[in-house]
1. Could you line up 314, 366 from fewest to most neighbouring Cβ atoms inside 10 Å?
2. What nm distance separates the two modelled labels at residue 615 and residue 240, each placed 7 Å from Cα along Cα→Cβ?
3. Return the loop-located chymotrypsin sites (Phe, Trp or Tyr not before Pro) in region 169-205 (DSSP other than H, G, I, E, B) with at most 16 other Cβ atoms within 10 Å of their own Cβ; answer none if there are none.
4. All other residues with a Cβ under 13 Å from the Cβ of residue 490 taken together, and with Lys, Arg as +1 and Asp, Glu as -1, what is their net charge?
5. How do 202-209, 119-126 rank on mean C-beta neighbours within 10 Å, highest first?
6. How many angstrom separate the Cα center of region 215-279 from the Cα center of region 446-463?
7. Could you tell me which GluC sites (Glu not before Pro) in region 210-264 are loop residues by DSSP with no more than 16 other beta carbons within 10 angstrom of their beta carbon?
8. Just to be sure I follow the rule: in region 372-461, considering lysines 8 or more places apart or on different chains, how many pairs have Cα atoms under 14 Å apart?
Amino acid sequence: MAESIRDNESSIDSLTTCNAAESSLLSYAPTENSTSCEALCESTADSSDNVYKDLDWSKYPGYAKAPHTKRQCTSWTWQHGYRIQHIKTETLYWLCKPCIVKKAHKAALYASTGGSHSQIRHLKDKHNLDSSGPIQKKRKLNFSDATSMNATIEQALINQRISNFNPDQFKTALVELPQFHDLLQLAYADIDAVGCLPTADTMVRWTKRDFEIYKAPVIRLLAEVEGNIHFTFDLWTSSNLLCLNGVYAHYLNAFGEKKKILLSVPSIDDSHTGENIAQGVADIITEFHLEKRVGYFVLDNATNNDKAVEKLGTIFGFNPTKHRIRHADGNRLRGFKALQIEHQNNLLDDDERRCPPSQLKRPNDTRWNSHYYAFETACQNRAAIDAYVEKEERSFTTRLEQPLQKNKRRDPDKQLKLSTKPAIVEDKLSVDDWITITRYMQILKPLMLVTKKLEGCPQEGRNGCMWEVLPCYEFLLAHFERLAELYKHDPDEDLRLNIQLGWQKLDEYYKKLDNTEVYVAAVALHPKYRLAKIKQMWSDREADGWPAAAERQLQDLWRDYKDVQLPEEPTEQQPDDDILDEILNPPVSPSTEDLYGPMEHLYKNPAQQQASPPDEMDELQGAVDASFSRVRDPVNFWILHRSRWPRLSRMALEIYGIPPIEADNERLYSKCGDMVTKKRNRLSANIIGAAQCLRQWDEDGIIEWK
């Protein structure tokens, strides 16, 4: 101790003889009775080599000992750290001394300007230290020890426990108490092994466990599907800011029923580039063993989806242009100028609620047909809307009369400020506005009908089947051409412009159908229409080569299926011979001539070469069968004609298994939105995806709960 005091005195003497800016770091050892934080800090900041002897300065280039300042270091963390300073920035840092002593690979270094929270957390987590020194582990009592008659409990603790006891909190916290678990184990020794001890993450563990268990039946089901599997995926952001990507598999089962299976709902944590999206989808496809049976991808028109399909084509070895199906929804026509309808029905008077109006809908750019439904409900409630606006206008006029009268008696520089018109009065719908809304309804209604038709689950080969896409495009193009002719001389220039923009947008996507052959093939494989229907629809475009191009596309796609290896058909067991067959049809002994024939003919008639089987596609397109014109369900037709055209039926059923619209993803995200509420905004993407997969598998009867 005496030596420490002499060292302090010598340090102080040297400091007083030097300039403050040029002096080195001052340090002194605390006296035997000194326990203040200032003394601890000063001892840590000693400038002698003994304090920094364990510090290898070569690992910290650009740093030096920090000079002493008058500022007091009040945190106890300086007892366990070096005070060093960055030479250029002169920023003071705390360097962990226990890390240096233990020769850690990377010692903790924190700027002193950030406070001591990080230093305290580091010392507690890494070195088990707090302000009192090493942290002592608390002894954990089990249920038997805590309830023993020999256990001593202070009365003050008992009184505090009784006064702080909350029955409601106790009910919810009881399941987490280790003592409660000990009690359950005393009653039933194997309860922990069974997995029935409830905790906060019990439901999470059960959900993840069930997903892994029931994923195996889904994999087996997909393995039994004949042909390729088609996929849809789309990004969606939940209310807790998770970017989710629902991946669906689509196919037709052996009975021709349209089936979908939700494979996973992974999160996209990185940037939403096509490469990142594709990698996540590829992992899911591989996880379900579908990498060799990748069919078509039905996606919306986002640019990153184009990049994603290109990446998937590289991974799985297919042509991304031909296997990319563009989502066929009516919302592609963005060229319309939407009229916003105010949400006013909640403000109607009681006497106006005798016949409750329909709920007014607010349009947006993501909900399909939202503008049409907004116009429709507004027209249904036109009387109530006009009555409410008229009442608000009268009320505003009444409020305005008094200040107007006062302003007549005031000087111009002392006029009262008049209130502005309410937005509902300023933007009220005039008679011309209602006429415009009605016109836009007439324009948008066919789009709504087509969207509703294509987004459905097909029944009897209709209302959501791939062969309907091409006729729907033709129908909408003809619809806009009629509108353009009808409103050619209309004074509403915006209306005429929007009709033209709608036609251009529709024509733009119609031309992109040439990139994928399945649209043409879906119509050509319908026995009622076949390739002749396409030639009829495009008769006016024969000069442009559309019919010839369609026929080439059909043949190109048919070549992929023409020589496909088909699974062997199970041989039917022949029934046992009936004795009546022998009585009614006795065997006739063949004659010698029947057995051997005329000997001279053996050399005169060479063996006939077996004729090659006819091409199935040519046979279908050239077939003359009156029953074909009455076919309404092409899916059922091809199931019945598998034996006649096995490869052509394989091709047709795969194409009819492609969904024209990714409506299932929109339905999925609606359910996810109901799941992720404000009170459940900490759900992770894994739990959301596992729960939604189990829900969909259960609803479709894919799994049976054990």
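1. So the ranking, lowest neighbour count to highest, is 366, 314.
2. 5.8 nm
3. Numbers: sites: 170, 180, 188; in loops: 188.
Within region 169-205, the qualifying chymotrypsin sites (Phe, Trp or Tyr not before Pro) (loop, at most 16 other Cβ atoms within 10 Å) are 188.
4. Numbers: positive: 439, 488, 496; negative: 432, 485, 492, 493, 494.
Summing Lys and Arg as +1 and Asp and Glu as -1 gives -2.
5. The densest-packed peptide leads the list: 119-126, 202-209.
6. 22 Å
7. Filter output for region 210-264: 224, 226, 257.
8. 6
Computed from the coordinates by the stated procedures, all read-outs in this text should not be read as laboratory data. All values derive from a computational prediction rather than experimental measurement. All Cβ positions, glycine included, derive from the backbone under ideal geometry; neighbour counts span all protein chains shown.
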